[in-house]
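Following: one structure in structure tokens, then a few remarks.
The values are calculated or read from the model by the stated rules, or taken from the named source; none is laboratory data. Small disclaimer: the values here were computed from a predicted structure and weren't measured. Don't worry about glycine lacking a Cβ; one is built from the backbone with ideal geometry, like all the others, and counts go over all protein chains shown. Quick note on the areas: whole protein, heavy atoms, side chains included, nothing else; ligands and nucleic acids left out. Shrake-Rupley method; radii C 1.70, N 1.55, O 1.52, S 1.80 Å.
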Amino acid sequence: MTAYPMHPGARSRPAAPPPALVVAAHGSRDPRALATALRLLERVRALRPGLPVHLGHIELNAPLLPDTLDELAASGAGSAVLVPLLFGRGHHVTRDIPDAAAAAPLPTRVADPLGAHPLLVDALHARLTEAGWQPPQDAEERRRSAVVLAAAGSRAPASRADTERIAALLAARIGVPVVPAYASAAAPTVPEAVRALAARGRARVAVASCFTAPGRFAAECADAAPGTVADPLGTHPAMARLLLHRYDQALRTAAPVTGPAALATA
């Protein structure tokens, strides 16, 4: 095949930037939640230099998700992927975030929530270990041990099913029962779960915090725990890797949503 030289005046076209990763966080009145989210985004950027990474909140904090998407469109971004900083398929994941994508002024994909994934279990296990959890040393200690997985809670059955799957993965990792418990909208609560475990002879109980950042729910669950309580998952490196995994997964499998505003400008 004959190779033809490039015309001296011709220039190669620069590669288009990748779709922006927009981390869709819940929002909190606790200022530590916003600070934690921003540090987590810095971890994501360090893992994937050159990827535009932005933050948008569902409520309570700026920037709100629609504002982030508007600013991306105004800056000339070609498209975005919304990655929920949420664990299960509750109302925010099934309604609020898809609604924001549908109304966005640029094509936008919606990724799965963090969900039951080995990377999430890595973070949960690490936080438990940091809090002082030790694996049982013998069969008798194993029979007395358990973990309560504290989560925010949701009325959506799918969300509770997701939490149960996370608990099952964590139980397989640490070798003792893991019981989901909730701060609101679902049962059991952390104290109820602890009492039920004690009634079955499992008095050596630790609490794993399935929360992304400090806040009211995480504090209430920690205050209700009798002993070892893990910190929220926050900026653990596995959380940054999981956000990128969900982003990459959405690029492969999720069709972009083109809302009314995008159609009007297409």
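Does Arg144 satisfy the condition of being of a type outside the set (Phe, Trp, Tyr), open to solvent by 60 Å² or more (accessible area, probe 1.4 Å) and within 15 Å of the chain's Cα centre (by Cα)?
Taking the combined requirement at face value, the residue does not satisfy it.
Scan the stretch 215-240 residue by residue and report those that are of a type in the set (Val, Ile, Thr) and either assigned to a loop (DSSP other than H, G, I, E, B) or without any contact (Cβ under 8 Å) to a residue 12 or more places away in the chain (or both).
Of everything in the stretch 215-240, those that are of a type in the set (Val, Ile, Thr) and either assigned to a loop (DSSP other than H, G, I, E, B) or without any contact (Cβ under 8 Å) to a residue 12 or more places away in the chain (or both) turn out to be Thr228, Thr235.
Using the structure shown, decide if Ala187 is open to solvent by 20 Å² or more (accessible area, probe 1.4 Å) and part of a helix (DSSP H, G or I).
no
Answer with yes or no whether Ala46 is surrounded by 19 or more Cβ atoms within 10 Å (Cβ to Cβ), modelled with pLDDT of 80 or more and assigned to a helix (DSSP H, G or I).
No; evaluated as a whole, the condition is false for this residue.
Which residues, counting only those in the stretch 195-238, are under 17 Å from Thr163 (Cβ atoms) and not small (Gly, Ala, Ser)?
Of everything in the stretch 195-238, those that are under 17 Å from Thr163 (Cβ atoms) and not small (Gly, Ala, Ser) turn out to be Leu197, Val207, Cys210, Phe211, Thr212, Phe217, Glu220, Cys221, Pro232, Leu233.
Please name all residue pairs, on different chains or six or more residues apart, with Cβ atoms under 8 Å, provided the first residue is in the stretch 18-42 and is among the charged types (D, E, K, R) and the second residue is surrounded by fewer than 18 Cβ atoms within 10 Å (Cβ to Cβ).
As it stands, the answer is Arg29/Leu60; Arg29/Arg216; Asp30/Arg216, since those pairs meet every condition given.
A quick yes/no check of all residues on (1) at pLDDT 95 or above; (2) among the small types (Gly, Ala, Ser); (3) open to solvent by 10 Å² or more (accessible area, probe 1.4 Å):
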| site | (1), (2), (3) |
| --- | --- |
| Asn61 | no, no, yes |
| Ala77 | no, yes, yes |
| Pro84 | yes, no, no |
| Ala123 | yes, yes, no |
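Do you know which residues across the stretch 198-214 are surrounded by fewer than 22 Cβ atoms within 10 Å (Cβ to Cβ) and either touching a residue at least 24 places away in the same chain (Cβ under 8 Å) or part of a loop (DSSP other than H, G, I, E, B) (or both)?
Arg200, Gly201, Arg202, Ala203, Arg204, Pro214
Is there any pair linking a residue in the stretch 121-139 that is part of a helix (DSSP H, G or I) to one that is of a type in the set (S, T, N, Q) and surrounded by fewer than 20 Cβ atoms within 10 Å (Cβ to Cβ), with Cβ under 6 Å and at least six apart or on different chains, and which?
Sorted first by the residue in the stretch 121-139, then by its partner, the pairs are Ala131/Thr228.
How many residues does the stretch 19-43 hold that are open to solvent by 60 Å² or more (accessible area, probe 1.4 Å), modelled with pLDDT under 95 and either closer than 18 Å to Tyr247 by Cβ or assigned to a helix (DSSP H, G or I) (or both)?
2
Would you confirm, using the coordinates I've provided, whether Leu114 is open to solvent by less than 30 Å² (accessible area, probe 1.4 Å), closer than 30 Å to Glu71 by Cα and either in contact with a helix residue (DSSP H, G or I) (Cβ under 6 Å, 6 or more places away or on another chain) or not in a helix (DSSP H, G or I) (or both)?
yes
Sort through Arg109, Arg95, Arg45 and tell me the only one that's touching a strand residue (DSSP E or B) at 6+ places or on another chain (Cβ under 6 Å), free of Cβ contacts under 8 Å to residues at least 24 places away in the same chain and among the basic types (Lys, Arg).
Unique residue meeting the criteria: Arg45.
Yes or no: the stretch 148-159 includes at least one residue that is in a helix (DSSP H, G or I) and open to solvent by less than 40 Å² (accessible area, probe 1.4 Å).
Yes, the stretch 148-159 contains at least one residue that is in a helix (DSSP H, G or I) and open to solvent by less than 40 Å² (accessible area, probe 1.4 Å).
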